[in-house]
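Working notes, structure below.
Read the figures in this text as sums done on the coordinates, not as results from a lab. Given the structure is predicted, the values throughout are model-derived calculations rather than measurements. Cβ placement follows ideal geometry from the backbone for every residue including glycine, while neighbour counts extend to all protein chains displayed.
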Amino acid sequence: MNARPDARRPDALRDITFETGIQRHVAGSVLVKWGQTHVLCAATFEDRVPGHRLQSGGGWLTAEYAMLPGATQERQKRERPNVSGRTAEIQRLIGRSLRAVINLDQIGPRTLWIDCDVIQADGGTRCASITAAYVASVLAIRAAGLKLNPPPVAAVSVGIVKGQALLDLCYVEDSTADVDLNYVATPSGIVEVQGTAEGKPFPRPRLDTLLDLGQAACTTLFELQARALDAAAGR
């Protein structure tokens with residue numbers, strides 16, 4: 001067994017905490033600390049919808065993602081006026097993941113904006129964003145008085161590093177992985193799988209191993225999300 005940088009077991013998540021109510025003017029805000037990856041997520045309702053939802057009677061959900069200049073060892077340049085292809089892809093992933101569990105027809109003619117800003121990055125920023133964005137979204141839904149109780153959605157990275165299947169890759173592991181995969185799921189099934197072999201193809205049994213690691217981890221993440229929401233409700 002190869003030693004991990006932080007001495008975790010191959011199937012262990014990093015330490016994860018959620019702090020809610022971070023932003024005074026936002027109904028749903030969460031700071032997730034996922035190991036050394038820290039992401040601030042905010043959920044805000046806007047009383048209008050995009051053109052393709054005007055006649056639907058329902059609403060929309062969309063996401064924006066950014067890595068702040070001081071998030072990595074080398075300063076990240078601000079992406080303006082246009083975002084990079086990577087950022088656009090992550091924004092779409094966050095939006096798809098949340099739309100999988102939030103019934104847009106029941107939120108009325110409004111848009112739920114999800115803003116995810118990476119304060120510090122050490123791998124798994126998109127997975128941390130999705131997982132925290134769910135918590136922020138539920139807080140915003142509660143604040144708006146909507147009678148919705150969306151099931152949880154969470155995400156986690158898995159991969160193969162030096163021939164070993166690992167859960168929740170930090171940056172050092174992610175940057176040297178033979179296989180890199182992001183797993184998004186709800187309690188009832190898979191929402192999305194993004195994975196690739198960085199070099200040689202890998203056999204189907206290894207994929208099954210990675211999917212099992214991801215699903216087990218998401219079950220733990222669902223529990224952490226529920227605790228964060230319960231704590232917020234009790235304040």
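A straight chain from ILE22 to ALA144 at 0.36 nm per residue would run longer than the Cα-Cα distance by 42.2 nm.
The modelled label-to-label distance between ASN2 and ALA197, using points 7 Å beyond Cα along the C-beta direction, is 1.7 nm.
Between LEU181, ALA88, PRO109, the Cα set farthest toward the positive side of the dipole of the stretch 80-235 (charges on each charged residue's Cβ, about the Cα centre) is that of PRO109.
The equivalent ellipsoid that matches the C-alpha gyration tensor of the chain spans semi-axes of 30, 19, 18 angstrom, in descending order. Comparing Cα centroids, the stretch 107-160 and the stretch 163-235 end up 16 angstrom apart. Simple point charges give the picture: +1 on the Cβ of Lys and Arg, -1 on the Cβ of Asp and Glu, and for the stretch 150-198 a dipole about the Cα centre of about 140 debye.
A straight Cα-to-Cα reach below 20 Å connects LYS200 with the aspartates and glutamates GLU173, ASP174, ASP178, ASP180, ASP208, residues fewer than 8 places away in its own chain not being considered.
About its Cα centre, the chain has a charge dipole of approximately 400 debye under the convention of +1 per Lys or Arg Cβ and -1 per Asp or Glu Cβ, with nothing else charged. Residue separation of THR87 and ARG204 scaled by 0.36 nm, minus their Cα-Cα distance, works out to 39.2 nm of gained length.
One compactness figure for the stretch 1-125 is 1.24, namely its Cα radius of gyration divided by 2.2 N^0.38 Å. Subtracting the Cα-Cα distance of ARG78 and ALA216 from 0.36 nm times their residue separation leaves 46.1 nm of extension gain. Relative contact order, whole percent, for the chain stands at 21, derived from Cα pairs under 8 Å and 6 or more residues apart.
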